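Down below is the structure, laid out as structure tokens.
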Amino acid sequence: MNKKIDRLLYAIIAVLCVAIVLSAVLIPLYFTGIIGKSLDPVPAKEKTEDDPVKGKEFKSVSAKSLPKGQYADFTILYNAKQYTVKVYLLTDYAPITVQNFINNVQKGLYDNTVFYKSDVTYYKDTGEPASAYLQGGTYVTDVDGNLVRRAPSEPVKKIKGEFFANDPDSKNVISFTGGVLGMVRDEGNDAAAYNSADTEFFFLPYAHSEYNGYYAAFGITVESDDNTELFTFARALKEADGTYPILLQKVKVYSRS
């Protein structure tokens, strides 16, 4: 009888030890954002047989003439040099997304965060860049260089996805050309995924029309050098081998009348 009790006690102790070890690993991962919010790159569009974007027309936009409206200056530090990427915010096409972004800026969510995901592909025949993206939004690094999700001072709300796949009557007809600023959302083709964006955003140095109608474009770079610099950042981050050399020091939002 005593042996049976001993075996039962050993089994209980073993289960408790496993639970303690798992808690020590999983709880920190959750609060750093590695679990709880995906660190996957901008997910590729998954086409369905009943494609809600089929037949929709999209258009390219340019802000090089500096039209009236709202702008955002991204102050970026790379290799001890400061860069400014100027973006025209597309309020007429994605008002909810733009206002959410401005709210995040005003709360300081993006200050001293890092761009943490990127990818670059090249044409096989020429070796020229074919596509790239640079993703950022509320992640910082700790003293050891590990990626940590910054906890906001107040809950961050998810917003409606302003694009055709989520809303057939959407005004967002912006094509994902080079220089477009878009909103990251969860992967998938359902309402939960379509309406999951909150703080994460991505830049496209080059056009990627596969995102048309499936992601919310809400800004476009202004200066011709911006896209070249964005590609440089995307390539540097991809080649950084687990470090995060691209620092977003500040985002400033202002109006031009």
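So here's what we get for this one:
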{"quantity": "Single match in Tyr123, Tyr88, Tyr133 (criterion: farther than 21 Å from Glu223 by Cβ and either aromatic (Phe, Trp, Tyr) or out of contact with any Cys (no Cβ under 6 Å at 6 or more places or on another chain) (or both))", "calculated": "Tyr123"}
{"quantity": "Strands (runs of 3 or more DSSP E) wholly inside the stretch 149-257 that include at least 2 residues being of a type in the set (A, V, I, L, M) and within 14 Å of the chain's Cα centre (by Cα)", "calculated": "180-183"}
{"quantity": "Criterion (within 17 Å of Phe101 (Cβ to Cβ), loosely packed, with under 14 Cβ neighbours inside 10 Å and of a type in the set (S, T, N, Q)) met by exactly one of Ser224, Ser196, Ser209, Ser255", "calculated": "Ser255"}
{"quantity": "Scope the stretch 231-257; condition over 15 Å from Thr113 (Cβ atoms) and in contact with a helix residue (DSSP H, G or I) (Cβ under 8 Å, 6 or more places away or on another chain); matching residues", "calculated": "Val253"}
{"quantity": "Cross-chain or 6+ apart pairs with Cβ under 7 Å, the stretch 179-206 first and within 13 Å of Phe163 (Cβ to Cβ), then of a type in the set (Ser, Thr, Tyr) and in a loop (DSSP other than H, G, I, E, B)", "calculated": "Gly182/Tyr215; Met183/Tyr215; Arg185/Ser196; Arg185/Tyr215; Asn189/Thr48"}
{"quantity": "Single residue of the stretch 70-112 satisfying the filter (among the hydrophobic types (A, V, I, L, M, F, W, C) and part of a loop (DSSP other than H, G, I, E, B)) that is surrounded by the fewest Cβ atoms within 10 Å (Cβ to Cβ)", "calculated": "Ala80"}
{"quantity": "Selected residue (criterion: modelled with the highest pLDDT) from residues of the stretch 48-69 that are polar (S, T, N, Q) and either over 20 Å from Leu204 (Cα atoms) or surrounded by 13 or more Cβ atoms within 10 Å (Cβ to Cβ) (or both)", "calculated": "Ser60"}
{"quantity": "Which numbered condition Ile159 fails, given (1) crowded, with 17+ Cβ neighbours inside 10 Å; (2) at pLDDT below 95; (3) aliphatic (A, V, I, L, M)", "calculated": "(2)"}
{"quantity": "Of residues in the stretch 118-148 being in a loop (DSSP other than H, G, I, E, B), under 26 Å from Tyr211 (Cα atoms) and touching a residue at least 60 places away in the same chain (Cβ under 8 Å), the one farthest from the chain's Cα centre (by Cα)", "calculated": "Thr138"}
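The values are calculated or read from the model by the stated rules, or taken from the named source; none is laboratory data. Remember, predicted model here, so these are calculated numbers, not experimental data. Every residue, glycine among them, receives a Cβ derived from its backbone with ideal geometry; neighbour counts consider all protein chains shown.
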